[in-house]
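**Student:** A single structure is presented below for examination.
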Amino acid sequence: MFGNVGMAFLLIGVCLWFLTHISPSILVGKRQQLVYVLGKGAYRGIFTALILVSLALIVFGWRASVPTPIYEPPNWGRHLSWLLMPAALILFVSGFFRTNLKRLMRHPQLVSVAIWSVGHLLSNGDARSLVLFGGIGTWALLSIVTINRRDGRWRKPHPVPWVKDLATVGIGTVIYVLTLFAHPYLSGVSVVGA
């Protein structure tokens with residue numbers, strides 16, 4: 001399963017992404033110590049560098065690995081994925097703004113990543129997809145649990161005008177359409193006409 005170099009880079013990249021992102025919510029005391037010792041700017045710089053390295057490893061590993069079949073996705077999986085992706089992008093965009101969607105769920109961006117992962121696992125059954133989408137999806141779900149535990153009780157934000165939600169839906173939809181056409185350049189896999 002991990003017989004090629006590309007898969008090894010992909011696995012390392014996903015693990016680095018996972019550990020870098022989840023450590024602030026499970027190692028709160030250690031994070032505070034690091035910020036104190038290094039300073040806030042240096043800590044953020046190192047954190048950002050680790051994220052960029054993990055992304056580079058993921059992109060290189062994905063493109064260099066051979067898609068070895070592991071399971072047969074359901075026939076309806078690709079169609080469901082097409083429906084899930086706009087919802088995932090709208091939720092992701094909502095995390096950047098004050099929206100009423102944030103009154104429905106505490107972590108819209110992490111939920112969007114989980115939806116993105118499930119959608120891709122329903123339409124791809126190869127080893128590299130299992131590593132990437134399974135790994136990132138697992139990180140998103142565990143992050144919801146660990147952040148909730150760290151931050152305690154959730155206080156819903158105040159309502160905002162519905163126009164903000166409409167704008168979020170519009171932006172998310174535009175990004176979805178752009179992503180459909182950019183997908184071959186981002187991942188090497190075409191989804192338009194597939």
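**Student:** Whole number in Å², please: accessible area per residue of region 49-194, 1.4 Å probe, ligands, DNA and RNA not counted.
**Tutor:** Values: 8460 Å² over 146 residues.
Ligands and nucleic acids excluded, the figure is 58 Å² per residue.
**Student:** Using 7 Å Cα-to-Cβ label points, what is the L178/T138 separation (nm, one decimal)?
**Tutor:** With each label point 7 Å from Cα toward Cβ, the separation is 3.2 nm.
**Student:** In region 47-144, what percent of the accessible surface is made up of carbon and sulfur (1.4 Å probe, ligands and nucleic acids excluded)? Working shown, then result.
**Tutor:** On the way: 3600 of 4860 Å².
The computed percentage sits at 74.
**Student:** Separate question: Please name which of M105, L89, W17 has its Cα lying farthest along the dipole of the chain towards the positive end, using unit charges on Cβ (Lys, Arg +1; Asp, Glu -1) and the Cα centre as origin.
**Tutor:** M105
**Student:** Would you mind putting 105-117, 138-150 in packing order, based on average other-beta-carbon counts within 10 Å, highest first? Don't skip to the answer; put the middle values down first.
**Tutor:** Details: 105-117: 20.4, 138-150: 16.1.
Averaged packing, sorted descending, gives the order 105-117, 138-150.
**Student:** Using alpha carbon centroids, what distance separates region 65-139 and region 157-184, in Å?
**Tutor:** If we compute the Cα centre of each part, the gap is 16 Å.
**Student:** Could you name the aspartates and glutamates in cross-link range of K102, using Cα to Cα under 18 Å and dropping any fewer than eight places away on the same chain?
**Tutor:** Filter leaves D151, D165.
**Student:** Summarise the long-distance tail of P(r) for region 10-144 by giving the % of C-alpha pairs beyond 25 Å. Write down the numbers at each step before the final one.
**Tutor:** Details: 3272 of 9045 pairs.
Tail of the P(r) past 25 Å holds 36 percent of the pairs.
**Student:** Something else about it: Grab the DSSP H runs of the chain that are 4 residues or longer, score each as -39,500 (n - 2.57), total them, divide by all residues and round the 222 nm result to the nearest 500 deg cm²/dmol. Each step should come with its number before you reach the end.
**Tutor:** Details: 8 runs with 147 residues, N = 194.
Theoretical 222 nm ellipticity from helices: -25500 deg cm²/dmol.
**Student:** In debye, nearest 20, what is the charge dipole magnitude of the chain about its Cα centre with +1 on Lys and Arg Cβ and -1 on Asp and Glu Cβ, if you could check?
**Tutor:** Values: 17 positive and 4 negative charges, 201 e Å.
In total the dipole reaches around 960 debye.
**Student:** What FRET efficiency comes out for A49 versus C15 if R0 is 22 angstrom and r is the Cβ-Cβ distance? Round to the nearest 0.05. Present the calculation step by step, with values, prior to reporting the outcome.
**Tutor:** On the way: r = 16 Å, r/R0 = 0.73.
Working from the Cβ atoms, E equals 0.85.
**Student:** Tell me, what is the FRET efficiency for L80 and V37 to the nearest 0.05, using R0 = 41 angstrom and their Cβ-Cβ distance as r? Walk me through the numbers before you get to the answer.
**Tutor:** On the way: r = 48 Å, r/R0 = 1.16.
In this case the efficiency is close to 0.30.
The values are calculated or read from the model by the stated rules, or taken from the named source; none is laboratory data. Computed from a predicted model, the values in this text were never measured in an experiment. Methodologically, a virtual Cβ is constructed for each residue, glycine included, from the backbone with ideal geometry; neighbour enumeration extends over all protein chains shown. Keep in mind that these areas ignore ligands, DNA and RNA; they rest on the heavy atoms of the full protein, side chains included. Shrake-Rupley method; radii C 1.70, N 1.55, O 1.52, S 1.80 Å.
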